[in-house]
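Step one of this worksheet: look at the structure below.
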Amino acid sequence: MVTSLTWQSNARDEGHRWKVLAVGVASNASFSAAAAGIPTTAVWLRSGYHLGNAELGLVLGAMGLGVALSELPWGMLTDRWGDRPVLLTGLAATAAALFAMALFLAPSAGDAVPALGWLVAAMCVTGLVGGSVNGSSGRAVMAWFREGERGLAMSIRQTAVPLGGGLGALLLPWLAASFGFAAVYGVLAAMCAVSAGFAWRWLHEPPYSQAASGARKGGEPLSDTRIWRVVLGIGILCSPQMAVLTFATVFLHDAAHLGIAAISGTMAAVQIGAMAMRVWSGRFTDRRGNRRAYLRGSTIVAAASFIVLALAFAFGHASGALLMALVAFAGICVSAWHGVAYTELATLAGTERAGTALGMANTAVYFGLFLTPIAIPHLLAVGSWGTVWFVAGAVALAALPLFPRPARP
């Protein structure tokens with residue numbers, strides 16, 4: 001049976017919904033620290049595990065493949081069972097997978113380097129269980145907040161992705177360089193365990209109207225072409241973002257010849273800027289009621305930012321500082337729209353089917369995370385970093401016709 005979660009106001013709800021939002025932020029941040037933070041250690045992964053660029057791309061994409069395969073089933077289970085059991089199960093399993101990696105798959109001096117196959121499989125399993133976090137926490141936020149507030153609430157929840165990524169960018173390269181990957185995986189496992197504790201304490205279903213139960217059929221999002229268009233648009237527009245998250249550190253190291261402090265600072269700036277823009281965009285579109293126009297405009301700006309980065313590199317005279325600034329700018333532009341897009345998608349689906357719709361979107365997003373780092377070494381082989389960033393801009397522009405046009409007055 002499908003349970004419709006119709007918002008009803010009382011004093012307790014007003015306060016508790018912010019705790020639910022905090023749980024959503026903490027849960028997403030802890031998993032994002034792994035999904036977006038581990039790629040910032042790409043230079044140390046490459047040397048520590050003795051990988052080439054193609055093997056590195058496979059490792060960096062494996063977690064994305066795991067999430068892509070599991071997001072939709074997790075989303076459908078969330079709609080059927082509720083947010084709490086799915087989120088608790090996913091966070092606990094993710095913590096366990098990362099802890100096992102810390103024990104058995106971290107290279108250490110004097111020991112054999114773990115086999116590539118085991119590392120790829122472990123990353124994929126972590127993604128499979130971590131895929132529960134996005135849809136379940138997003139559905140909870142949609143259920144506890146009203147229309148007119150959801151854009152801001154979902155955008156705040158989406159700041160958890162750059163928040164976790166930013167923490168990862170600041171912390172994980174230093175941990176990898178100073179203490180090795182056992183420390184990297186161990187810290188990430190602890191973050192997921194703490195978030196599970198928060199979910200156990202505060203995440204509950206909101207009061208709901210029994211009269212509204214069963215209002216929607218379970219398969220509706222999967223058969224709605226409007227939802228599929230937005231899902232595909234989100235997935236395509238996330239691919240250039242994944243290019244920044246997975247290979248910008250390698251670009252800044254190999255092409256701009258920057259050190260650990262500059263690389264970590266650049267990646268942290270991307271995440272901090274993305275956080276600020278997501279909150280602003282959610283509030284802005286709630287006030288203006290212009291989610292669709294904002295999405296289309298953001299797509300054009302993101303595409304232009306990557307073209308500028310490609311041209312700056314192609315001319316061959318850009319300084320390291322300029323390349324840092326352009327990478328940060330492009331990364332922020334291609335990350336600013338997430339909360340608005342997810343709110344639009346969940347609104348199209350309806351709150352009671354938001355878990356399925358968000359699962360569909362995150363499946364597309366994480367297939368991009370799987371494919372993008374695998375494609376980049378091949379683009380480098382036939383071209384240059386200018387080619388990589390130009391293709392990223394073209395891919396971003398391809399998302400434009402998929403987002404709906406604003407309704408005519």
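Just checking, which of ALA102, ALA93, ALA109 is touching a Gly at 6+ places or on another chain (Cβ under 9 Å) and without any contact (Cβ under 8 Å) to a residue 12 or more places away in the chain? Can you show your working first?
On the way: ALA102 fails: without any contact (Cβ under 8 Å) to a residue 12 or more places away in the chain; ALA93 fails: without any contact (Cβ under 8 Å) to a residue 12 or more places away in the chain.
From the options ALA102, ALA93, ALA109, the qualifying one is ALA109.
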Requested in this report: Test ALA276 against the stated conditions and say whether it is at pLDDT below 95 and within 17 Å of the chain's Cα centre (by Cα).
Outcome: yes
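Can you find a residue that is among the aromatic types (Phe, Trp, Tyr), part of a helix (DSSP H, G or I) and in contact (Cβ under 8 Å) with a residue 12 or more places away in the chain anywhere in region 281-293? So that I can check it myself, show each step before the final result.
Here is the first cut: in region 281-293, the residues among the aromatic types (Phe, Trp, Tyr) are 284.
Keeping just the survivors that are part of a helix (DSSP H, G or I) gives 284.
Pick out the ones that are also in contact (Cβ under 8 Å) with a residue 12 or more places away in the chain and you get none.
There is no residue in region 281-293 that is among the aromatic types (Phe, Trp, Tyr), part of a helix (DSSP H, G or I) and in contact (Cβ under 8 Å) with a residue 12 or more places away in the chain.
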Query raised in the report: Taking GLY75, is it farther than 28 Å from GLY197 by Cα and of a type in the set (Gly, Ala, Ser)?
Result: no
Report summary line: If we ask which residues in region 139-148 are assigned to a helix (DSSP H, G or I) and not hydrophobic (A, V, I, L, M, F, W, C), their number turns out to be 1
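Please count how many residues of region 78-103 are over 20 Å from ALA196 (Cβ atoms) and touching a helix residue (DSSP H, G or I) at 6+ places or on another chain (Cβ under 8 Å). Steps first, answer last, please.
Filtering region 78-103 for residues over 20 Å from ALA196 (Cβ atoms) gives 79-80.
Imposing the further condition that a residue be touching a helix residue (DSSP H, G or I) at 6+ places or on another chain (Cβ under 8 Å) reduces the set to 79.
Going through region 78-103 one residue at a time, the tally reaches 1.
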**Report entry** Condition check for LEU397: over 19 Å from the mean Cα position of the chain (by Cα) and within 14 Å of TRP228 (Cβ to Cβ)
**Finding:** no
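Of all helices (runs of 4 or more DSSP H) completely enclosed by region 300-409, which ones contain at least 2 residues that are free of Cβ contacts under 8 Å to residues at least 40 places away in the same chain and within 26 Å of TRP280 (Cα to Cα)?
Values: elements: 320-333, 338-349, 354-382, 385-398.
Result: 320-333.
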Query raised in the report: For region 87-111, how many residues are modelled with pLDDT of 95 or more and charged (D, E, K, R)?
Result: 0
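Need a quick list: helices (runs of 4 or more DSSP H) entirely within region 22-138 having at least 3 residues that are crowded, with 20+ Cβ neighbours inside 10 Å and among the small types (Gly, Ala, Ser). Let's see the steps before the verdict.
Working: elements: 42-48, 53-81, 83-104, 116-130.
So the answer is 53-81, 83-104, 116-130.
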Requested in this report: Would you be able to say whether some residue in region 317-334 is surrounded by 24 or more Cβ atoms within 10 Å (Cβ to Cβ), touching a Pro at 6+ places or on another chain (Cβ under 8 Å) and at pLDDT below 90?
Outcome: no
Query raised in the report: Here are ALA303, ALA310, ALA255: which of them is surrounded by 21 or more Cβ atoms within 10 Å (Cβ to Cβ), among the aliphatic types (A, V, I, L, M) and under 27 Å from LEU58 (Cβ atoms)?
Result: ALA310
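The values are calculated or read from the model by the stated rules, or taken from the named source; none is laboratory data. These numbers were taken from a predicted model, which means no experiment stands behind them. Cβ coordinates were reconstructed from backbone atoms using ideal geometry, including for glycine residues, and neighbour counts include every protein chain displayed.
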